[in-house]
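In what follows, a single structure is set out as structure tokens and then discussed.
The values are calculated or read from the model by the stated rules, or taken from the named source; none is laboratory data. Because the structure is predicted, anything quoted here is derived from the model rather than measured. No Cβ is skipped: glycine too gets one built from the backbone with ideal geometry, and neighbour counts run over all protein chains shown. In case anyone asks, the SASA skips ligands and DNA or RNA and just uses the protein heavy atoms, side chains included. Shrake-Rupley method; radii C 1.70, N 1.55, O 1.52, S 1.80 Å.
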Amino acid sequence: MKKIIITIDGYSSCGKSTLARQLARELNYVYVDSGAMYRAITLYFLRNHIDWQNPQQVREALDNIELEFFFNEEKGGSEIFLNGENVEYLVRELIVAEKVSEVAANKDVREFAVAAQQKMGEGKGIVMDGRDIGTTVFPHAELKLFMTADPAVRVERRYKELYAKNPNVSIEDIKANLELRDYIDTNREISPLRKADDAIVLDNTHLTHQQQLQFALKKVKELMD
Ligand code: C5P
């Protein structure tokens, strides 16, 4: 069967990764969480006190960063590794989330991440989620989805997810973080978050995971027929 590229873009905490993971599993495709790459770069910058306003420091730091995804059989999903270290859980922390959109607005950071993402898509058979996947990374992707959901629902979802790991998180902090990230992601100069002209909008405010998966699978099937 022919393999395609599926892109899923949208605002923070819209359920992109859940759908992307399920879709990849169903189709036997590779799933790539592009946000995890920006988060891992941010973690590296924070740990090594890199000033991301300083182009020289950024370029030198990027030369020392290797990002890989490895599939975790037990979890049934892929995890991000930064220079050989599994940072899948660390990159979800608020301290990273608070800085990631600033780092992701950097031109050199984006060039580095986009080049790596395009390489991963060379063999097709991939589902990638993010902010600029359908517009910049794979502008010729066969299927592009753009996800949205009611902001209050998004805050609630992210709160539940983070609270399970750390009961000290506050809903106000999460709300502020989502708003800030969406603002920076939408207004940055390079590859701002926007719907590709040929992307299909999927508002999942009132949809179950199963309904979203069925919606996407139907679109895939239409392309294969
Ligand atoms: O998807 P996630 O919320 O983990 O992404 C974290 C951040 O990484 C986003 O808020 C955005 O600033 C950045 N990002 C990006 N382009 C992508 C994916 C993520 O700029 N393709």
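Summary of computed values
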| read-out | value |
| --- | --- |
| Residue within the stretch 37-54 that is under 30 Å from M1 (Cα atoms), touching a helix residue (DSSP H, G or I) at 6+ places or on another chain (Cβ under 8 Å) and surrounded by 19 or more Cβ atoms within 10 Å (Cβ to Cβ) present | yes |
| Some residue of the stretch 31-47 being farther than 30 Å from F215 by Cβ and either in contact with a Cys (Cβ under 6 Å, 6 or more places away or on another chain) or without any contact (Cβ under 8 Å) to a residue 40 or more places away in the chain (or both) | yes |
| Positions within the stretch 89-111 being open to solvent by 60 Å² or more (accessible area, probe 1.4 Å) and part of a helix (DSSP H, G or I), in sequence order | L90, I95, E98, K99, E102, K107, E111 |
| Evaluation of I8 against (1) of a type in the set (A, V, I, L, M, F, W, C); (2) crowded, with 22+ Cβ neighbours inside 10 Å; (3) more than 26 Å from V201 (Cα to Cα) (one fails), failing number | (3) |
| Residues satisfying the stated conditions in the stretch 180-225, i.e. closer than 18 Å to T136 by Cβ, out of contact with any Leu (no Cβ under 6 Å at 6 or more places or on another chain) and either hydroxyl-bearing (S, T, Y) or open to solvent by 80 Å² or more (accessible area, probe 1.4 Å) (or both) | N187, E189, S191, R194, D197, D198 |
| Residue satisfying condition, being within 13 Å of the ligand (Cβ to nearest atom) and open to solvent by 60 Å² or more (accessible area, probe 1.4 Å), within set M147, M120 | M120 |
| Checklist (1) more than 13 Å from the ligand (Cβ to nearest atom); (2) buried (at least 16 other Cβ atoms within 10 Å of the Cβ); (3) modelled with pLDDT of 95 or more; (4) over 18 Å from K219 (Cβ atoms) applied to Y159, failing item | (3) |
| Of the criteria (1) touching a helix residue (DSSP H, G or I) at 6+ places or on another chain (Cβ under 8 Å); (2) assigned to a helix (DSSP H, G or I); (3) open to solvent by 50 Å² or more (accessible area, probe 1.4 Å), which one L62 fails | (3) |
| Filtered residues of the stretch 181-199 (kept if more than 8 Å from the ligand (Cβ to nearest atom) and of a type outside the set (A, V, I, L, M, F, W, C)) | Y183, T186, N187, E189, P192, R194, K195, D197, D198 |
| Near pairs, Cβ below 7 angstrom, 6+ apart or cross-chain, from the stretch 158-183 (under 24 Å from R131 (Cα atoms)) to any residue that is of a type in the set (D, E, K, R) | I174/R158; N177/E98; L178/R154; L178/R158 |
| Residue count, the stretch 162-175 (criterion: within 14 Å of the ligand (Cβ to nearest atom) and modelled with pLDDT of 95 or more) | 0 |
| Selection from the stretch 7-37 of residues that are outside any strand (DSSP E or B), within 15 Å of the ligand (Cβ to nearest atom) and of a type in the set (S, T, N, Q) | S12, S13, S17, T18, S34 |
